1. Cα-Cα pairs above 24 Å in the stretch B:190-309: how many percent?
2. What list of ³J(HN,Hα) couplings, whole Hz, do you get for the stretch B:40-54 from phi and the Karplus terms 6.51, -1.76, 1.60, once you set θ to phi - 60° and write x for glycine and proline?
3. Out of residues 5 or more away from A:Lys81 or on other chains, whose amide H comes under 5 Å of its own, with H placed 1.01 Å from N in the peptide plane?
4. What percent do you get for the relative contact order of chain B when only Cα pairs under 8 Å and 6+ apart count?
5. Each residue of the stretch B:65-77 in order: what ³J(HN,Hα) in whole Hz does its phi give by Karplus 6.51 cos²θ - 1.76 cosθ + 1.60, θ = phi - 60°, with x for Gly and Pro?
6. Could you give the angle, 0 to 90 degrees to the nearest 10, between helix B:238-261's Cα long axis and the longest principal axis of the Cα atoms of chain B?
7. From the C-alpha gyration tensor of the protein assembly as shown, pull out the three semi-axes of the equivalent ellipsoid (sqrt of 5λ each), sorted largest to smallest, in whole Å.
8. With each run of n ≥ 4 DSSP H residues scored as -39500 (n - 2.57), what mean residue ellipticity at 222 nm is computed for chain A after dividing by its residue count and rounding to the nearest 500 deg cm²/dmol?
Amino acid sequence: MKKKLISILLVVAMAAMLLTGCSGNSGNQTKDTAKAKLDYSNIKIGEITSLVVNDGGWCQATHQSLLAAMKELGIPEENLKVIENVAEDQVSVTNAYNALASEGVNLIVGASAGYATFLSELAGKNSNIIVAQQGDQVPNLIGYQIRNYEGMFLAGYACALMSPTDTLGFAASMSEASVRGAINGYALGAKYANPNAKVKLVWANSWYDVDIETQSAKTLINQGIKYMGMEASSPAIPQTCQENGAYCIGYNVDMKDLAPKAVLFSYMWNFAPIYKDIITSVVEGKADTSKYYYEGGECANISAFNEAIVPKDVQDKVLQVKADLASGKIKVFGGELKDNKGNILVPAGQTMSDDKINTQQFLVENVIGSF
Amino acid sequence: MMALIISIGAAAVVYAVSILYAAIGEIFSQRAGIMNLGIEGIMLMGAVSGFLTVYHTNSLALAMLAVICTGAILGLVFAFLTVTLQSDQTVCGMAFLIFGSGLSGFIGKKVTGIATAVKFHDISIPLLHKIPVIGKIFFQQDLLVYCMYIIIPLSIFYIYKTRPGLILRALGENPAALDTAGIHVFALRYAYVIFGCAMIAISGACITLSYTNFWNEGMTGGKGWIAFSLVAFSRWNPGFAALGALLFGGISILGINLQIYLPGIPTQFYSMLPYAATVVALIITTGSFRKQHTAEPAALCQKYDREGR
């Protein structure tokens, strides 16, 4: 009985010491962080991703952009704390946020639009940690989005230049505004190269499904389509193209190595310029949580051309269009623009507003498909 | 049109085979009285072990060996938990599901998104592949598909026409009776659970070594659950499981093609079709209105304890 009592007391004492130790450390850490002047060497950044950071897709593009921005600003890589595989639910996001907060991060980057609601709530309660989040503009968060339609315009343009027929394909994931923007950008680019170009659209209705993505590509190929664009996360579409003698534009990251005989070039998300700006504002204490970035140009980037399959004249023409997009000579959503139901979206001589582009609920005239 | 039918048919066969290995493995396991809910986790472990082996060795034979060994080891642990320790099969299955999903992601992290140079390629069977339509659908496939053509009749024959098959069925219906007859219930259950898990792991390998040539976390995308539902749908019969898998694969693939031919209908409707078909099929085959016995093994999920008899 005595032994038992002593054991219990010892356990209680140890637990108490442990808890005291933890709280003591935490207090000191908070004080130290508050005292220390924030600069590029000591800023701590947290990143929350829905998959692993080398998923070959969206998370990898986000992670690489963040690392590139940090490198440019001279921030050591070890200052980045990453929590992967965070589900888009309140418990998981709160848990990840708290874990990063306990690590003393100054900035948290949420790499999935599904985190927005939960991060907005958490950021509202703690103004010491700035939260940046991809997707729509949400209270308490610095929001950002890329004009992916610019890169996709180049993709459609290149495919239409190379395709022996007027019909191209597009394999899409889930129907939401930025995905519709990608489809429309691709179709408008194709039309810019060939006024008769049509784009047949298939949906996977999933963000990541190897089977369905493979079948999407096969379905388009069975239609006699040789060139296609994609807005899907796995390398299944490029590999299916390669096995069937078709070609595509890679997506998210450079996919040339995954299907060297099929990928003409890839559309790549480049968040680095946005992250660089956000990090700088945090270090300088000027972060504005009502700010929203909607960037194109180098953010809607394309990879190097696959020299083996993209002719030099096509490369030159694509680069010229890229320059024209940057200079404003080409307006992707410039009028007259009709949807595929015959409605006029933008009258001649006018350009669609950013608000409408960012929340688009239409498919342009030369898209064969619905959502 | 014919090219389209061939394409849909050939894709449905590939899809069906990738879930059939798991479904047949689970049929054997459940026939022995052990339900394994962790199919998805074991498939992922099979997928990643096969991919890692082929990535490092470029050998498909070694990769398949690694896949079978991975499945067998997991089966051994599962059998130890459910047969020897008599733990709750549902809880153990869920634990395997989570464990397999997490561990596969962990060990495959460094090779995520990388493509290998080696995978199972289609082989045309001489003469047979020249049969109109059927030849191109069934006889221009890869080795894993051809193996399944042998496994299906073999497993039906084994279960219904052989003495070990009779013992297997009795194992899931009345293990006590077998024990009385001097047959080692525990050893047999171990064997069938290990065999079942090895088959499930091969299902995972179909995805990384045949369907694609890359690995990504969670890439089975719910196929384990489809395989699990196929078991009840098939009434624990590998032949019906094959038909069910073809039906599910066919409807899945047809849905994508219909987006092209009937673009006016919301595409979500097509995505829903395979699941709606599964629900209808499950109701038809297992509903209480049926006069026939559901064929579910009577001792399924029940602990067998010699001392408890």
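Every number here is computed from the coordinates shown, using simple stated rules; none is lab data. Just so it is clear, the model here is predicted, and its values are computed rather than measured. Counting neighbours? That spans all protein chains shown, and the Cβs are built from the backbone with ideal geometry, glycine included.
1. In whole percent, the long-distance tail amounts to 44.
2. 4, x, 6, 4, 5, 5, x, 4, 6, 5, x, 5, 4, 5, 5
3. Amide H neighbours of A:Lys81, under 5 Å, 5+ apart: A:Ile45, A:Gly46, A:Glu47.
4. Contact order relative to length: 36 percent.
5. Ordered by residue, 3J(HN,Hα) equals 5, 5, 5, 5, 5, 4, x, 5, 5, 4, x, 4, 5 Hz.
6. For helix B:238-261, the angle is close to 30 degrees.
7. 46, 38, 21
8. That comes out to -14000 deg cm²/dmol.
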